Amino acid sequence: MTEQEAITNEESEEVRIGAFICECGVNIAGAVDCNAVADYISTLPNVVTSVVNKYTCSDAGQAEIKNAIKDLNLNRVLVASCTPKTHEPIFRACVEEAGLNQYLFEFVNIREHCSWIHMWEKEDATKKAKELVRMGVARAALLEPLQSSEVPVTDAALVIGAGVTGMQAAMDIADMGHKVYLVEQGPSIGGKMAQLDKTFPTNDCSICILGPKMVEVARNENIEIMSYSEIDEVDGYVGNFKVKVKHKPRYLNIDECTGCGLCTEKCPVEVPYVEFDEGIGTRKAIYTPFPQAVPLRALVDKSICIDCGACIKACERGAIDMDQQETFSELDVGVIVVSAGFDVYDPEPNHDFGFGLYDNVITTMEFERLINASGPTMGKVVRPSDVKPPKRIGFVQCVGSRDKNSNIYCSSFCCMASLKNAQLLKEKYPDTEVYIMYMDMRTPFRMYEEFYNRARDMGIRFIRGRPAEVTENEDHNIIARIEDTLTNEIVNLELDLMVLSVGAVSPESTETVRQILKVSRAADGFMMEAHPKLKPVDTTLDGIFIGGMTQGPKDIPYSISQGSACAARATRFLAQGKALTEGITAKVDEDICVACGVCVPMCPFQALSIEDDKLKILTALCKGCGTCMAACPTGALEQSHFKNEQLLAQVKNVFAYGEV
Amino acid sequence: MSDFEPDILTFCCNWCSYAGADLAGVSRLQYPTNNRIIRVMCSSRIEPIHILEALKEGTDGILVTGCHIGDCHYIEGNIHTDERMKEIVDALEHLGLKDRLHLEWVSAAEGKKFQETITDFVEKIRALGPNPLKEKAKEE
């Protein structure tokens, strides 16, 4: 039997619908009388059976569906339960296993869209559930079988962002034998972790554990690092993404440069090094990002270069090219991992806790560079106003986190980061008084609570409360006025240096990437996963995955886990070499179409064209949005699975006026 | 008139507003039971006939929802939705039905906005009174 014959056969058959109403324990049954829904549905045309399950998605529930398809010769299946966003693939697979085309399955949401939002209105919720299922029955009767098409998957991955998450994802994918393009907007891979001094809860040197990993990434034959590059355009779909990458000019030939540093030595221009040393140290107009940078190559900051030519003379290999222009690469990849990292919250605009007003109020990132042995002060902690070692240091928690005025979410790593920095201070300068001003200390996960206890044992003072007022005295000392909510006392704390424990925010550059990829944005500004529990690194877009801070604030171990998770999820497609695409596409009735061409410019994917006075649809390009058919003046275009008659059947069955 | 409960139909796009409605559910954000949802892949799938048929069937208010401009899963589908809805509202003005159609962008993260949009629209339509075509629809 050919596909066409099978379809014709289906059409001529009597419609036999089986309806399965899920109680979802009490999730649905608590607000909806499922038996009453099933009874009502059994009276509707074409419904052969209508049953209630405790959990329709369970093995037992699915077995009941499969048996009913065989025993009752069902040719349509309707499940009324939760959301198709999570469970449609499960039930589609279930009916396919019983020999029914997956598109003859209809899903009705009576949990998220009914029982959970009408928890205390059982009568009205039940009536609504009946109507929702009735709409589904009307639509189910008109469903048609469709074939999803199999597409080949290009055996290569794109990883956007080469912080610790992206590096992990890239290495895991590469080690499984697949090509990886690792695109990093900065001049070196490594991300924020490269800037940190030590890492909790073991206090090992950050660059000492990251550096070898960076080298490993560079040495991996399957990984092609594209540093100082940005994503310009992304087109296509799972298995077949076309990516345009912009390479920003470094003003030197990266293959000739050896990173020897002679050019930097001769350069006469010196400015604050904002990118890596948080503006505390300085750099030249031509510079290598940091000693452990990968690739260890110089770049020129043209905005401050005075074109003196000193570096050109100094470079023995003639690598410098001041006329270099930006270039572009076109990549074909099958999957995309986004690990674009984070920015720390900027307390400057609102002068949180006096930041930007008083010299001796700094952020955690500035502190990390100050205490770092390879930082601008060689690890000597000094305060900005007089470059003297501070004797009283306070950390303020939740700056830009858990605050209605900035971000309501918890940034999760800052409690541990301050505990770490406080311990480092105590180890380095045992006489220093160290205070942590907090709302709640949050230390879950292995060895974290022990780390907190260790800090207490070291004599670090904890004050439960954050400064209500911050002022500066004539010695440029900071006076923090705090209500200690444990002792009910007002404390006026005089500090030589105050460190703001700033939280994480999603960077603007990530927002650009998000818009190019069309990944959903969560309320907190970070990218949104497909499901908060079941699909934490997937997005709603097949073949695109998110990990690390791109998905929300998290610490290093969690980020690395997500990097590996992204790699595993992404490699499924690469290893199989094929992916299934939706069968939902535009279709044209050539007898009706007059080839007017109104639809052609509507298509954002260039799937439509007029050739030889006929409308041609390139199904491989069609994503099934339905924009074109809504524009068709003759009604020649239809969207399979969302045909007019199917939608109108729902529209006409919305409200039953006294029948229910 | 006080016992009038408006019948509201909401079209949701698969990617943003349907997921926003899901989030309202997951967050247990309670809202009136008057609303029924039809899912389409993109809000730009909605044609005038869907709106007109719904009104003819006696539906008191129709909400069309989709991704925010710039966030459309299909790049610019919602731009077409925006243009088309304006035209449909213009046409409905001649029939005295223009306030019964409303367009709103709701992202997958805006469960709260979905709840508020439905709640506000139900109240707006309640104040407006029943669709004049309702009685005829009921007779048929």
Candidate set: segment B:69-91, residues that are over 19 Å from B:Ile49 (Cβ atoms) and more than 9 Å from chain A (Cβ to nearest Cβ); chosen: the one least open to solvent (accessible area, probe 1.4 Å)
B:Asn78
Subset of segment A:617-660 [β-branched (Val, Ile, Thr) and either more than 11 Å from chain B (Cβ to nearest Cβ) or farther than 23 Å from A:Phe105 by Cα (or both)]:
A:Ile617, A:Thr619, A:Thr627, A:Thr634, A:Val660
Among the strands (runs of 3 or more DSSP E) confined wholly to segment A:47-158, which include 1 or more residues that are of a type in the set (Lys, Arg)?
A:76-81
Can you name the residue in segment A:606-616 that is surrounded by 19 or more Cβ atoms within 10 Å (Cβ to Cβ) and within 14 Å of chain B (Cβ to nearest Cβ) and, of all such residues, is farthest from the chain's Cα centre (by Cα)?
A:Leu608
Only strands (runs of 3 or more DSSP E) wholly contained in segment A:571-653 count here; list those with 1 or more residues that are free of Cβ contacts under 8 Å to residues at least 24 places away in the same chain.
A:608-611, A:614-617
A careful count of residues in segment B:18-54 that are of a type in the set (Lys, Arg), within 18 Å of B:Trp105 (Cα to Cα) and facing chain A (nearest Cβ under 7 Å) gives 2
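Yes or no, residue by residue, for (1) among the aromatic types (Phe, Trp, Tyr); (2) closer than 25 Å to A:Pro152 by Cα; (3) touching a residue at least 60 places away in the same chain (Cβ under 8 Å); (4) within 14 Å of chain B (Cβ to nearest Cβ):
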| site | (1), (2), (3), (4) |
| --- | --- |
| A:Ile516 | no, yes, yes, yes |
| A:Arg521 | no, no, no, yes |
| A:Phe526 | yes, no, no, yes |
| A:Asp538 | no, yes, no, yes |
| A:Ile544 | no, yes, yes, yes |
| A:Gly548 | no, no, yes, no |
| A:Gly552 | no, no, yes, yes |
| A:Pro557 | no, no, yes, no |
| A:Gln562 | no, no, yes, no |
For segment A:346-363, state whether one or more residues are open to solvent by 10 Å² or more (accessible area, probe 1.4 Å), farther than 15 Å from A:Met498 by Cβ, at pLDDT 95 or above and within 24 Å of the chain's Cα centre (by Cα).
yes
Might you check whether a residue that is open to solvent by 20 Å² or more (accessible area, probe 1.4 Å), without any contact (Cβ under 8 Å) to a residue 24 or more places away in the chain and of a type in the set (Lys, Arg) occurs anywhere in segment A:215-234?
yes
Is it true that some residue in segment A:144-154 is more than 30 Å from A:Lys643 (Cβ to Cβ), modelled with pLDDT of 95 or more and out of contact with any Phe, Trp or Tyr (no Cβ under 6 Å at 6 or more places or on another chain)?
yes
Pair list, Cβ < 6 Å and 6+ apart or interchain, from segment A:384-397 residues that are under 27 Å from A:Phe413 (Cβ atoms) and in a strand (DSSP E or B) to residues that are open to solvent by 70 Å² or more (accessible area, probe 1.4 Å) and of a type outside the set (A, V, I, L, M, F, W, C):
A:Arg392/A:Glu433
Answer yes if at least one residue in segment A:95-115 is in contact (Cβ under 8 Å) with a residue 24 or more places away in the chain, closer than 25 Å to B:Gly20 by Cα and more than 34 Å from the chain's Cα centre (by Cα), and no otherwise.
no
Run down A:Arg219, A:Arg139 and say which single residue is within 30 Å of A:Ala36 (Cα to Cα) and of a type outside the set (A, V, I, L, M, F, W, C).
A:Arg139
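The values are calculated or read from the model by the stated rules, or taken from the named source; none is laboratory data. In this text the structure is predicted, and so the values were computed from the model without any measurement. Ideal geometry is used to build each Cβ from the backbone, glycine not excepted, and the neighbour counts take in all protein chains shown. Side chains included, ligands, DNA and RNA excluded: accessible areas come from the protein's heavy atoms. Shrake-Rupley method; radii C 1.70, N 1.55, O 1.52, S 1.80 Å.
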